[in-house]
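Here is the structure we will look at, set down as structure tokens.
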Amino acid sequence: MLSRFLSARMLAAPAAALLALSLTSCAGGPFSEPAAFEVDPVYLDPELSGAVDELRPITEFCGDRPIKVALADGVGDNAFRKTARAEFEDEAAKCPNLEVLPYADGQNNPQKAISDIKALVALGVEALVVFPDAGPALLPTLREAFEAGVAVVPYTASPGGTPGVDYTTFVGHNTVTDGAMWAQWVCNALGPAGGNAVFLGGTPGNAQSLSEIHGIEDELAGNPDCANVTLLNDPGTPIDTGWNPAQTQRVTSGLLAKYPKIDAVITDSGDGSLGGIRAFLQAGRPLPVWTANDNNGFACAYVDNKAAQPQFQIVAVTSRTWIVRLALRKAVAAAQDIPEPEPDIVNVPIVWDSLDPNLPPECDRNLPSSAVTSAELSTEQLAEIYR
Amino acid sequence: MSALTSETDTRPQTGHTTLLQRIRTDRFMPIWLLAVAVFVISPLIAPGSMTASALTAMLPFAGVMAIAALGQTLVITHGGIDLSVPGVMAIAAVCVTKLAQGTGMSTLMCVLLGIAAGALSGLVIGLAVVWFSVAAFVASLAVNSLLTGVVLVLSGGFPGTADPAVSAFAVSSVGGIPTLFLLAVVLVVVAHVVLKQSVAGRRFIAVGAGVPAARIAGIRTSTHGVMAYVLAGIAYATAGMLLAAYLRTPDLQLGQSYQLTTIAAVVLGGTLLRGGISSIIATAVAALFLTQLGQVVLAAGASTAMQLLIQALVLAAAIILRGVDWRRFVRLRPDSQTQKS
């Protein structure tokens, strides 16, 4: 009896592994169903969206009254945030009546981000630009600041809530049109033969990637040029990479194991793409057509591989670090009671397209791989922040 | 494995030891079964997950985890715990990327600097734990925070890029097997042999098994206690440098995912958290198991939620089942008969 019991128990460990592993085959089961996601209406409202040529110089909104401005970041230790901070300070320097308060880095800690905003309000900030990484968790703090008379403009990541009630307005780029633009380019690059495409997103459940796949799916469904392009993702579900090169490499290796043919990779990260490209190279598979945001390393990867792999083509929309400038203009104009006609949501342009002779990918070997070269900063300023 | 068996099975070995007996009594045996199981099942779950290219992609990460977990095994052998893995890996990565780029130092110098940084951080933790009786998790967490700050200062928030020659070495392979994996195998085997067969290694284990007894035996327990953290720091630094070279442009959080997975690998391998009983080889097999498990759920197309659930379930099942004292059941039959008579 005991030996039978033992035998059963002895087999239990491998059996548990077997059972757990077999659950993966239930990829369509209840655990893997994505939660229903609805694109933030700000991205779908044509009244709020506009093109980059509608943007105006800050000098129109400086006003006369001296005011204090500040940037409260959710996290500060990456190339995007450092570039955006430099853009914010560069923009503020164009108005002599603006005093820039110390930069606040939330260090990826919602509690610190909240206390940073409260501290800036206590210091008398009147125009506050916030990158609300913590999302809706920041909403009560933003509302508190707004109700205290501060012009509060969250940018890029929507915190939810209602503009005019919880904060002044939300400023960002149109992630839905980003997705549509990438999909359209992929369809053109693959031609009538089409092929298989995958979309790699960022952190699990992030609104940006979910909005982008919404745009991709709509474009693939509605564009006749995309008739033969198949998106391998589960409907509405980005493949998570955490925007991290190492994880992107692992994920891409997994996809290469699963799919014998991948002709296009749509991503929303230039940094992450480097890991994905490496996975293709290590697997000895031909590099597919690839989309991302602009990033120096991504351009260099193209330059390094294009001769050996002529089918490898890339496109990049701008990493739009300059959106923070628009956020500052909106905040300053609100603080000065000056009407601000610029769009809240910007349809950002393509900056590199290897198929377009006018937009060749540009690799600058003097800048780090993570450098955002589409920033509205001079080469000297870029070199200084990446030093 | 004989050395391991002798540690874990104190019953008199009479006659031939069958495989079943080994499975029942050797605490380091289940991980081998789990590892075999995961590789056997992989093609059934995700058909492409056992192809040469999939394995080539997985093995370097398994190697890096095995090296980092080697360090954690040494610390846990002494009943400690080390949460400084991400900080040490990051600072070592900065040494072979940002510093190498910015200062023009030779690759060898940068590698030595990275190892020195790992050893120094281990020394600080070891002294705090052994000399000042600070709880190991507090000391190592504090050093981790310190290192994270230093990394940010040194790097300016930007990861550098590894030298192309270093990177080429990290991504190379010998006979189709990734060099990183082979390097990990060599390091693990050498560490295992030194720990189990050398006098210094046996003394090291003796201190982990019981400080008072080791002290009475004339062993310098404090020195061995500190050395566990120093050697662990060197292992994390090596893992960090190899991973940085492999990724070429690593992010500064490259070691974050190794903080708890190294502990999971050690426990899953069969090393006793209280110290004294450990196996570096079993830890390395656990690292291979965890990496392949991660890869197969990825290749199966499971969502992130599903991946985490599966990994947690497998870990929990393996660790709970390990908690059962199989030897007690083995002894039960003759013992109970004796009591009845």
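Taking the DSSP beta bridges with both ends in the protein assembly as shown, the antiparallel portion is around 10 percent.
All alpha carbon pair distances within region A:256-354 were sorted into 10 Å bins beginning at 0; the resulting P(r) in whole percents reads 14, 38, 21, 14, 9, 3.
The angle between the Cα long axis of helix B:304-323 and the main principal axis of chain B comes to about 40°, on a 0 to 90 degree scale. For the peptide A:240-246, the mean number of other protein chain Cβ atoms found within 10 angstrom of a residue's Cβ is 5.
Over the protein assembly as shown, the alpha carbon radius of gyration divided by the compact-protein estimate 2.2 N^0.38 Å works out to 1.04. Across region B:57-64, coupling constants 3J(HN,Hα) worked out from phi with the 6.51/-1.76/1.60 Karplus curve, θ = phi - 60°, read 6, 7, 4, x, 5, 5, x, 4 Hz, and Gly and Pro carry x. Per-residue shielding of A:272-282, expressed as the average number of other chain Cβ atoms within 10 Å of the residue Cβ, stands at 3. Its alpha carbons considered, region B:112-231 gives a radius of gyration followed by a Dmax of 18.3, 53 Å. Per-residue ellipticity at 222 nm, computed for the protein assembly as shown from helices alone with -39500 (n - 2.57) per DSSP H run of at least four residues, works out to -17500 deg cm²/dmol. Each peptide among B:115-122, A:209-216, B:164-171 gets the average number of other Cβ atoms lying within 10 Å of its residues, and from highest to lowest they stand as A:209-216, B:115-122, B:164-171. A straight Cα-to-Cα reach below 17 Å connects A:Lys82 with the aspartates and glutamates A:Asp73, A:Asp90, A:Glu91, A:Asp105, A:Asp133, A:Asp271, A:Asp294, A:Glu376, A:Glu380, A:Glu384, B:Asp251, residues fewer than 8 places away in its own chain not being considered.
Across peptide A:201-209, the average count of Cβ atoms from other chains found within 10 Å of a residue's Cβ is 1. Compute log10 of I(q)/I(0) for region A:161-316 with the Debye formula, placing one identical point scatterer on every Cα and leaving out solvent, at q = 0.18 Å⁻¹, to two decimals. The Cα Debye sum returns log10 ratios of -1.04. Pairs of Cα atoms in region A:183-240 fall into 10 Å distance bins, from 0 up to the last occupied one, in shares of 26, 53, 20, 1 percent. Result for chain A in a Gaussian network model with C-alpha springs under 10 Å: among A:Asp356, A:Asp344, A:Asp294, the largest mean-square fluctuation is at A:Asp356. Per-residue Karplus couplings for region B:93-99, computed as 6.51 cos²θ - 1.76 cosθ + 1.60 with θ equal to phi - 60°, are listed in order as 5, 5, 4, 8, 10, 4, 5 Hz, Gly and Pro entered as x. Of the two radii for region B:63-281, the radius of gyration is 0.98 times the Kirkwood radius, both from the alpha carbons; that is the Rg over Rh value. In the elastic network of chain B, a GNM with C-alpha springs shorter than 10 Å, the most mobile of B:Val75, B:Val40, B:Val129 is B:Val40. Packing order of peptides B:236-244, B:275-283, highest average first: B:236-244, B:275-283 (average count of other Cβ atoms within 10 Å over each peptide's residues). A Förster radius of 60 Å, combined with the Cβ-Cβ distance separating B:Val138 from A:Ala227, puts the computed FRET efficiency at roughly 0.45. How big is D, in µm² s⁻¹, for region A:325-387 by Stokes-Einstein at 37 °C and 0.692 mPa s if Rh is the Kirkwood radius over C-alpha pairs? The Stokes-Einstein estimate is 223 µm²/s. GNM on chain A, alpha-carbon springs under 10 angstrom: the most fluctuating residue among A:Pro339, A:Pro132, A:Pro159 is A:Pro339.
When the chymotrypsin sites (Phe, Trp or Tyr not before Pro) in region B:99-159 are filtered for DSSP coil states and for at most 12 other beta-carbon atoms within 10 Å of their beta-carbon, the remaining sites are B:Trp131, B:Phe132. Out of every Cα-Cα pair that region A:111-232 contains, those further apart than 24 angstrom amount to 43 percent. Electrostatic tally near B:Leu252: other residues with Cβ closer than 10 Å to its Cβ, Lys and Arg +1, Asp and Glu -1, net -1. Computed log10 I(q)/I(0) for chain A at 0.10 Å⁻¹: -0.69, from the Debye equation with unit scatterers placed on every C-alpha and solvent omitted.
With 31 Å as the limit, the listed pairs A:Lys68/A:Lys112; A:Lys112/B:Lys98; A:Lys330/B:Lys98; A:Lys94/A:Lys118 have A:Lys330/B:Lys98 beyond it between alpha carbons. Peptides B:246-257, A:74-85, A:224-235, B:81-92 ranked from most to least packed by the mean count of surrounding Cβ atoms within 10 Å: B:81-92, B:246-257, A:74-85, A:224-235.
Read the figures in this text as sums done on the coordinates, not as results from a lab. On a predicted model such as this, the values are computed, not experimentally measured, just so you know. Here Cβ is always computed from backbone atoms with ideal geometry, including for glycine, and neighbour counts include all displayed protein chains.
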